[in-house]
Amino acid sequence: MATLTDILQRQAVWLGGGIPAQAIEPAVPTGYPGLDAELPGGGWPVGGLAEAFCHTEGIGELQIVLPALAALTAAGHRTAWLAPPYLPYAPALRAAGVRLEQLTVIRAPGRRDALWAAEQALRARSFHALLLWLPQASYAELRRLAVAAQAGPGFVLAFRPPEAACESSPAVLRLALEAGEGKRGTGEPGCPHAPFLAVQILKRRGFPLAAPLPVPIARPACETPTRERPAHALGRAPFSAAPAPGAVARACAA
Amino acid sequence: MEVEGSLRYFGGRWKFLAQLRAGLPRLGFEARIAEAPTARAALWMARGDGCRLEALPVAVARLPPEALELPANLGIRTVGGLLRLPRESIAQRFGQGLLEELDQAAGRTPEARGFFIPPARFDARLALPAPVTQADRVLFVARRLLDQMEGFLAARQAGVRGFSLDLLHEDIPATRVTVGLAACGRVAEHFMRLLRERLAAITLKAPVEAIRLEAAEPEFLPGKSGGLLHDARAGGEEWLQLVERLQSRLGIDAVHGLDTHPDHRPERAWVAVSPGKEIFSKAGRQEGPRPLWLLDPPRRLAEGEFSLLAGPERIESGWWDGADAQRDYFIARTGAASLAWIYRQRGAEPGRNWFLHGFFA
């Protein structure tokens, strides 16, 4: 008589409450244990295309991938940033532990150039992590990238505008990133910029995750002690003109 | 060409011949192939199209016409007939030269042939069968020259760092397409890919009549030994080729690495370096928090657009080189939840002195 585990191993029955066994695939740990626990394989999918959707820059969206980049570059693997919207700033990257010589920036102003370059980079199988910024891409174009990524040694993370989250996509992992609100995870009462990122897993191998996952990230204003404000700076017009700046700054410094 | 010693390497005689028959026309040569125990006999057989040395006509020896008359009058029409004559009478009647050649063909005396010495640089020209108006059509013909170049470089254990292809027109000066490589290379397939990207970007002013391929100075490049196990270095070569391909389409500056630079001004605290370059600089003194995104140039901010969270960090530098910076940097909130790195330009007119310089992404 077949036992329950036999039946489950044959995958005759779909199990709703966990990540299915066939979804366990090689992955690069994200560096956030809470997030890893929810991702099939425990991290960024190797040989897979992942998408991250984010409204605006500056909410800490890159923090989600930085620990993985630091670990990969420290292990001597190459990583690339393709078509970034701004300059990736070397001093900050170095401070985050990224080994700069393993990082390549590829600028591709046009959409077609960016897609072409991404495909070339993936086919050459040279990068263990490829971050790319794709404001627009059709399903077929993403599909090409996903196929090209399959044989590669690393993961591909495409940062895309939030509107693109509604379109169907061949990506194996889709994350919506939002700035965390409220006081969760900070330990600093009253700081409105709680250093966590609310990660909603829209799609993964297995069942989707209903609730956003708080991922604690490093944020500058709350973790660094603010020095004494010079009186001449406080007295100037910009401070009084800005909406309640003093209160915010004091709360963070507390 | 002496091949017997290398036949096993090429996988036997048949495979070797097949390789020759396939390879020579691709290089644009017409070849008649003959095999014989000696070089002279092979040459004669190739000229004569015959299968046996003895059955070849006397004419294959390329004698002067008047010398040919004599054997014809004697009724000797084939090389075999000549070989059957007594040696002394050949020397007497036809001269010492023919006797030597016959001896060499029959393998009785060794023949010293001059070694083939390839020219120092590759430079070849090829006329197109018909004028071509689209640049990318040239690629097909260029393939022949690139194959030739690969053979040329392989024979010298050399590679090149670049080459240029001239598209020659009838009346106007030639269009020059220059291809540079990130590292020394010799593989025609790789050159083709680079050339394809360059040619795709070109519009021709006039039909192309011929092409001319000129290689840069060859550099020593040892051949690759096939590794028993997967070689880690092979990945490095693939990566270099990728960089070249990207640079040939997007531009040299579009692919770069990053390094820090000891300067207090944020926009000068980083430099673009050539991709994959080894970095020797050490992490400097951690100054203040630095954003992951830097805006270049900084964007002007109106005063209501942000609220300050932390700061200031005063940066004053560069009065000596004309790019003077006197700024107070703050961490500020812009929009709903974005953290930005902004600065106030000291000494600037109030209201127009706030700038957005980065995002804490």
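Key figures for this structure:
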| read-out | value |
| --- | --- |
| Loop trypsin sites (Lys or Arg not before Pro), the stretch B:239-284, which have at most 15 other Cβ atoms in a 10 Å radius of their Cβ (DSSP) | B:LYS277, B:LYS282 |
| Other-chain or far-sequence residues with amide H under 5 Å of A:ALA27's (modelled H) | A:VAL46 |
| Cα-based helix-to-principal-axis angle, B:138-155 vs chain B, degrees rounded to 10 | 70 degrees |
| Sparsely packed GluC sites (Glu not before Pro) within the stretch B:120-227, loop by DSSP, other Cβ within 10 Å at most 12 | B:GLU170 |
| Fraction in percent of alpha-carbon pairs per bin - 5 Å, the stretch B:80-206 | 2, 8, 16, 14, 10, 7, 6, 5, 6, 8, 8, 6, 3, 1, 0 |
| Local electrostatic count, B:LEU128, Cβ distance below 12 Å [Lys/Arg +1, Asp/Glu -1] | +2 |
| Nitroxide proxy distance, nm - points 7 Å out along Cα→Cβ at A:ASP36 and B:TRP319 | 5.1 nm |
| Net length gained if the chain between B:ARG108 and B:GLU349 were fully extended (0.36 nm per residue, minus Cα distance) | 76.6 nm |
| Rounded if a/c under 1.5, otherwise prolate or oblate - the stretch A:34-155, Cα gyration tensor axes | rounded |
| Amide H within-cut-off set for A:ALA108, under 5 Å, with H built and near neighbours excluded | A:ALA83 |
| Gyration tensor (alpha-carbon) shape descriptor, chain B, a/c threshold 1.5 | prolate |
| Label-point gap, in nm, between B:LEU24 and B:ARG300 - each point 7 angstrom along Cα→Cβ | 7.5 nm |
| Projected label distance in nm at A:GLU25 and B:GLU237, using a 7 Å step from Cα toward the beta-carbon | 3.0 nm |
| Contact order normalised by residue count of chain B, Cα under 8 Å, 6+ apart, percent | 10 percent |
| Note, ³J(HN,Hα) from phi for the stretch A:141-154, Karplus 6.51, -1.76, 1.60, rounded to Hz, x at Gly and Pro | 5, 5, 4, 4, 5, 4, 5, 5, 6, 4, 7, x, x, x |
| For the stretch B:35-46, Karplus couplings with θ = phi - 60° (6.51, -1.76, 1.60), whole Hz, Gly/Pro x | 10, 7, x, 10, 5, 5, 5, 5, 4, 5, 5, 5 |
| Per-residue ³J(HN,Hα) for the stretch B:317-322, Karplus 6.51 cos²θ - 1.76 cosθ + 1.60, θ = phi - 60°, Hz, x for Gly and Pro | 6, x, 5, 8, 10, x |
| Likely footprinting exposure, B:ILE279, B:ILE211, fewest C-beta neighbours within 10 Å first | B:ILE279, B:ILE211 |
| Spatial separation of Cα centroids for the stretch A:41-65 and the stretch A:85-128, in angstrom | 15 Å |
| Amide H partners (placed H, <5 Å) of A:LEU213, local residues excluded | A:VAL199, A:GLN200, A:ILE201 |
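Here, each number is a calculation from the coordinates, and none is a lab measurement. What you see is a predicted model; the values in this text were computed from it and never measured. No Cβ is skipped: glycine too gets one built from the backbone with ideal geometry, and neighbour counts run over all protein chains shown.
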